[in-house]
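To keep things clear, I will list the structure first and then write my remarks on it.
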Amino acid sequence: MMIVLIMGPPGVGKGTQAQKIGENFNMAHLSTGDLLRDHVRRETPLGLAAKEKMAAGALVPDDVIIEMMLQVLEQHSSENSANSAALLDGFPRTRDQAGALVNAGINVNAVIDLDAADELIIERLGGRLVHPASGRTYHTIFSPPKTAGVDDVSGEPLVQRPDDRPDTVRARLAVYREQTAPLEDY
Ligand code: ADP
């Protein structure tokens, strides 16, 4: 299985680009954020454990994330052919998570590393609206939906992610610069 990582600070466009790359190159888009939000919605034990950390803009504990991702990757490789490809969006985010990939014998074929200035990120996330069921995102000014407040495809309501409020965005950026950006060298 080919593995590509897409990395970068929150709000840089990982999810948006990953969705396009996935469609164009027929790669599965595996987003830890989307997977976690789905657990939170379904109120699974994992979702309940992750909810508060996510709302605060902090990282979910490594052991929880590592178990979730290794399971998802195993399932993906058992359901798809050996030459299938996956794009990991949001994993690894710490040194230990990267180590877990290595220990599991999972080779990374390529890394796409995106970056943008903090002020731009704060502006983008402050106006971001999401359609929870599909993960589609909009921006009140830069990329508005056809009808204010509703998803173009399903007509369902759009919401602001609780962690897209300015204080939480600053916390997420700080966590990124401290814990995830150093992985670029690793
Ligand atoms: P963004 O990249 O925009 O911050 P994500 O949707 O990727 O957002 O992640 C949302 C939240 O989910 C993070 O703030 C964190 O709490 C949690 N999370 C996602 N991926 C990981 C990970 N690999 N390790 C720990 N926590 C994670």
Among the residues that make up segment 66-75, is at least one of them outside any helix (DSSP H, G or I), more than 21 Å from Arg128 (Cα to Cα) and open to solvent by less than 60 Å² (accessible area, probe 1.4 Å)?
no
Has segment 30-53 got any residue that is away from the ligand (no atom under 11 Å from the Cβ), part of a loop (DSSP other than H, G, I, E, B) and in contact (Cβ under 8 Å) with a residue 40 or more places away in the chain?
no
Which residue out of Ala100, Ala85 is within 11 Å of the ligand (Cβ to nearest atom), in contact (Cβ under 8 Å) with a residue 24 or more places away in the chain, open to solvent by less than 60 Å² (accessible area, probe 1.4 Å) and more than 15 Å from the chain's Cα centre (by Cα)?
Ala100
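Residues to consider are Leu173, Leu125, Leu129, Leu158; find the one that is open to solvent by less than 70 Å² (accessible area, probe 1.4 Å), away from the ligand (no atom under 15 Å from the Cβ) and farther than 24 Å from Ala86 by Cβ.
Working: Leu173 fails: away from the ligand (no atom under 15 Å from the Cβ); Leu125 fails: away from the ligand (no atom under 15 Å from the Cβ); Leu129 fails: away from the ligand (no atom under 15 Å from the Cβ).
None of the others qualify; the one that does is Leu158.
The values are calculated or read from the model by the stated rules, or taken from the named source; none is laboratory data. Here the structure is a predicted model, which is why all the values come from computation and not from measurement. Neighbour counts run over all protein chains shown; Cβ positions are idealised from the backbone, glycine included. Side chains are part of the model used for accessible areas, which takes the heavy atoms of the whole protein and leaves out ligands, DNA and RNA. Shrake-Rupley method; radii C 1.70, N 1.55, O 1.52, S 1.80 Å.
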